[in-house]
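Visitor: So that we are looking at the same thing, I have put the structure below in structure tokens.
The values are calculated or read from the model by the stated rules, or taken from the named source; none is laboratory data. Predicted, not measured: the structure shown is a model, and the values here were computed from it. Positions of Cβ are generated from backbone atoms using ideal geometry, with glycine treated the same way; all protein chains shown enter the neighbour counts. Only protein heavy atoms, including side chains, enter the accessible area calculation; ligands, DNA and RNA are left aside. Shrake-Rupley method; radii C 1.70, N 1.55, O 1.52, S 1.80 Å.
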Amino acid sequence: MAHPRVAVEQLQADRRMRTLADTLVRQQAIRSPAWQAVFERVPRHPFLPGFYLADSSRDPIVWRWVQADALPGWLDLVYRNETYVTRLDPTTMQAVEGGWRGRAASSCPKPSLIARMLEALQVRDGHRVLEIGTGSGYQAALLSDRLGSQHVITIDIDPGLVSTARQRLAGCGYTPTVATADGAEGYPPNAPYDRIIATCAVTWFPSAWLTQTRPGGRIVANLRGEFGGALVRLAVADSGTADGRFLPHWGGFMALRHDPDGYPPSTPPEPDPETATVERQTEIHPAALLDDLAFGFIAQLHLPGVRWSRSWPDETGDWSLRLWAADGSWAFLPHMLSPAQRWTVLEHGPRMLWALVEQAWQWWQAAGRPRWDRFSLSITPDGQRVWYGGPGSGRDWPLLPE
């Protein structure tokens with residue numbers, strides 16, 4: 001017999017699971033009775049026994065760790081339609097008053113994002129699915145409930161996450177294949193797959209994903225550069241090529257990693273204003289590059305291999321923006337809060353990086369400020385390209401291998 005406290009918690013969770021599913025149906029994130037029933041059956045709280053809450057009133061953000069039973073209303077938080085960070089990058093993690101600062105390294109995505117991706121995957125009974133990016137294990141549980149554990153394979157580069165997720169899944173009655181592997185290599189032992197779904201971001205689709213997908217299969221993943229990205233659904237052809245369109249609802253994930261302890265460097269190079277090749281003014285607000293999801297999608301196509309860093313406000317409340325690339329190019333905008341609606345730009349290197357931002361802005365404005373769902377992606381032996389206007393027509397941008 002279950003302990004009375006456990007039984008009460010389960011009843012409370014069941015009610016919240018049904019409420020969450022109803023919310024996702026109203027938001028049209030869930031569009032099919034099959035997935036509604038899955039979200040009503042699969043609990044989220046066993047996969048989120050602890051997570052970080054962001055205090056965004058502090059700049060930079062301070063993360064506060066919360067655990068089951070240690071916070072009143074914890075169960076209500078778990079069943080909100082929210083993304084929760086479950087791990088911070090240890091190379092940037094720093095204890096501060098009230099919590100931690102650092103870059104998010106793993107999370108449990110908001111249920112509406114998961115639901116939209118699962119609906120876009122278009123699974124059918126009997127399909128074998130590879131999930132790349134196990135994370136907390138919650139999405140693997142949803143897939144296992146829908147298709148049966150024997151049809152689900154989930155992999156992650158982090159052996160600690162894999163071990164924990166396997167235990168949580170088993171505790172809920174799910175036994176998919178859970179393995180530690182580099183997501184870029186797929187998982188050959190169980191290939192081919194009818195569907196691949198990735199909860200990590202790529203700038204280039206690994207060839208293994210295509211070769212391990214059956215002809216006619218689907219891949220749903222996040223194509224994302226430094227400045228923005230979107231979810232895309234690809235159909236894989238008999239020839240091993242693929243094409244598809246970006247989905248209308250935005251979604252973004254952390255970058256695919258090839259090393260469990262490898263994280264992108266967090267400290268940008270320090271620009272030397274004395275070495276600037278160009279100093280000029282721009283009328284494009286630097287925040288547009290970071291805050292407008294549609295423009296960020298366009299900007300990343302014009303700025304392959306370019307990274308950015310924003311400083312935190314100084315004693316005057318002002319902040320700065322840096323762009324840089326491996327070829328030594330950089331751009332520095334030192335005063336983001338200029339009241340003159342013109343911003344100083346310093347640039348150096350073989351590429352004038354802010355000039356590329358301006359080119360992207362001008363193209364986007366002239367095209368009518370299209371959203372990402374007006375674009376498509378094609379993968380052929382000649383390369384991978386993003387298209388506006390469809391393959392073979394309109395404007396296109398090549399993607400570059402990592």
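Visitor: In square angstrom, rounded to the nearest 10, how much accessible surface does Thr134 have for a 1.4 Å probe?
Guide: Only protein atoms counted, so the area is about 10 Å².
Visitor: Cα centroid distance between region 33-71 and region 130-154, in Å?
Guide: That distance is 19 Å.
Visitor: Which one, Ala237, Gly349, Ser56, is farthest towards the positive end of the dipole of the chain when Lys and Arg carry +1 and Asp and Glu -1 on their Cβ?
Guide: Ala237
Visitor: Same structure, new question: How much accessible area per residue does the chain have, in Å², with a 1.4 Å probe? List each step's numbers first, then the result.
Guide: Details: 18340 Å² over 402 residues.
I get 46 Å² per residue for the chain.
Visitor: How much length, in nm to one decimal, is gained on full extension between Asp55 and Asp259, taken as 0.36 nm per residue of separation minus their Cα-Cα distance? Could you put the intermediate results ahead of the total?
Guide: Numbers: separation 204, 0.36 × 204 = 73.44 nm, distance 2.95 nm.
70.5 nm is the gain from fully extending Asp55 to Asp259.
Visitor: While we're here: Which whole-number percent of Cα pairs in region 128-246 have a distance greater than 22 Å? List each step's numbers first, then the result.
Guide: Values: 2152 of 7021 pairs.
Cα-Cα pairs in region 128-246 separated by more than 22 Å: 31 percent.
Visitor: Ok, one more. Excluding ligands and nucleic acids, what accessible area in Å² is computed for Asp14 using a 1.4 Å probe, to the nearest 10?
Guide: It works out to around 50 Å².
Visitor: Next up: If the chain between Gln94 and Leu77 were fully stretched, how many nm would it gain, using 0.36 nm times the residue separation less the Cα-Cα distance?
Guide: Values: separation 17, 0.36 × 17 = 6.12 nm, distance 2.48 nm.
Fully extending the segment from Gln94 to Leu77 adds 3.6 nm.
Visitor: Assign unit charges at the C-beta atoms only (+1 for Lys and Arg, -1 for Asp and Glu), then state the dipole size of region 335-402 relative to its Cα centre in Debye, rounded to the nearest 20. All intermediate terms of the calculation are to be shown ahead of the outcome.
Guide: Working: 7 positive and 6 negative charges, 53 e Å.
In total the dipole reaches around 260 debye.
Visitor: At 1.4 Å probe size, with no ligands or nucleic acids counted, give the accessible surface of Asp125 in Å², nearest ten.
Guide: 130
Visitor: How much of the accessible area of the chain, in percent, comes from carbon and sulfur atoms when a 1.4 Å probe is used? Write down the numbers at each step before the final one.
Guide: On the way: 9300 of 18340 Å².
That share works out to 51 percent.
Visitor: Quick one: angle between helix 111-121 and the longest Cα principal axis of the chain, in degrees between 0 and 90, rounded to 10, please.
Guide: 90
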